[in-house]
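The values are calculated or read from the model by the stated rules, or taken from the named source; none is laboratory data. Predicted model only: the values in this text are computed from it and were never measured. Note that each Cβ is placed from the backbone with ideal geometry, even for glycine, and that neighbours are counted across all protein chains shown. In case anyone asks, the SASA skips ligands and DNA or RNA and just uses the protein heavy atoms, side chains included. Shrake-Rupley method; radii C 1.70, N 1.55, O 1.52, S 1.80 Å.
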Amino acid sequence: MQITGDLKMVDVVQHDIQLLAVIQRLNIPLGFRERTVKEVCNINNVDLDFFLHIANSFHDKEFLDFKKFRNFPVDWIIQYLMNAHRCYVDYRIPEIERQIKNFEKQVDINEKNIALLLDFFRKYIREFNSHIEQEEKSVFPYILELSDILKSDNFDSPRRDKLPSISEFHDEHSSIEETLFDLKSILLKYLPPPVTNCLYNNLIFDIFRLERDLLDHAELEENVLYPLVKEMENELHSKQNLR
Ligand SMILES: [Fe+2]
Ligand SMILES: [Fe+2]
């Protein structure tokens, strides 16, 4: 299904519940009533085309093509990515950590196993936070500066450091994804089944959802943001050469 402005927002979300994350990251509140996607975007000052591009890209990977994002200010993509970061750091990851810690209270689970699991997950949090910090303190400011320079008529190079190479960036994303995959495997393969199976299942579902969400996030960074920045860098170089 392709999402269009004339569909009712509630039907779109009922059809693909994962889109709730997109809606939240564009700061659109729930309570859609019978409104169409176009009406909901208008009321919340969200550009309809931008919404449709992001929502369709998440709904159907075939749609994810950086060329389709050329017409939007790069700041919008960055704001979207930063909103997603807040959701991971402030809510999703602490929630998984809380669930693991909660196992300590369960009498039928070996304390040593829980300590190992917590240790493993906390290492993951450190790796994840340092990746987010690098994006927010160095990668995104570099891109925003590049975009400002291109909008002005002075074509100086950005003062900030260049981007890490796309392969470095890709490696970091892969490592973060692998760690979550490993955590899920440890839970599935090695932890003895507790009586309160429901708690375990819930944790595994949450890790799975985070894993899927982070994969979409990394794809937006690698397959949309990065190619756009490469185009912007090329544009700046050709303007500098013409001076
Ligand atoms: Fe990110
Ligand atoms: Fe990233």
> Hey, does region 199-209 have a residue that's acidic (Asp, Glu) and surrounded by 12 or more Cβ atoms within 10 Å (Cβ to Cβ)?
Replying inline: yes
> Does LEU214 satisfy being touching a Phe, Trp or Tyr at 6+ places or on another chain (Cβ under 7 Å) and touching a residue at least 40 places away in the same chain (Cβ under 8 Å)?
Replying inline: no
> Under the condition of being hydrophobic (A, V, I, L, M, F, W, C) and under 13 Å from the mean Cα position of the chain (by Cα), which residue from region 210-238 is most open to solvent (accessible area, probe 1.4 Å)?
Replying inline: LEU215
> Restricting the search to region 95-129, which residues are open to solvent by 50 Å² or more (accessible area, probe 1.4 Å), under 17 Å from GLU211 (Cα atoms) and either of a type outside the set (Lys, Arg) or within 16 Å of ligand 2 (Cβ to nearest atom) (or both)?
Replying inline: PHE120, ARG126, GLU127, ASN129
> Does any residue of region 82-89 turn out to be outside the structural domain of GLU177 (by TED's automatic domain parsing) and closer than 30 Å to GLU135 by Cβ?
Replying inline: no
> Which residue, of LYS162, LYS137, LYS230, is modelled with pLDDT under 90 and either part of a helix (DSSP H, G or I) or away from ligand 1 (no atom under 16 Å from the Cβ) (or both)?
Replying inline: LYS162
>> Just to check your reading of the model, which residue among ILE176, ILE149, ILE132 is more than 12 Å from ligand 1 (Cβ to nearest atom), surrounded by 15 or more Cβ atoms within 10 Å (Cβ to Cβ) and aliphatic (A, V, I, L, M)?
In response: ILE149
> Only one residue in ASP75, ASP49 is outside any loop (DSSP other than H, G, I, E, B) and open to solvent by 70 Å² or more (accessible area, probe 1.4 Å), so which one is that?
Replying inline: ASP49
>> Test of understanding: among LEU191, LEU146, LEU220, which residue is in contact (Cβ under 8 Å) with a residue 24 or more places away in the chain, within 13 Å of ligand 2 (Cβ to nearest atom) and not polar (S, T, N, Q)?
In response: LEU220
>> Based on this model, can you work out whether GLU111 counts as away from ligand 1 (no atom under 16 Å from the Cβ) and closer than 22 Å to LEU180 by Cβ?
In response: no
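Of all residues in region 101-134, count the ones that are part of a helix (DSSP H, G or I) and farther than 30 Å from GLN79 by Cα.
Count: 15.
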> What single numbered condition from (1) open to solvent by 50 Å² or more (accessible area, probe 1.4 Å); (2) within 16 Å of ligand 2 (Cβ to nearest atom); (3) small (Gly, Ala, Ser) fails to hold for SER157?
Replying inline: (2)
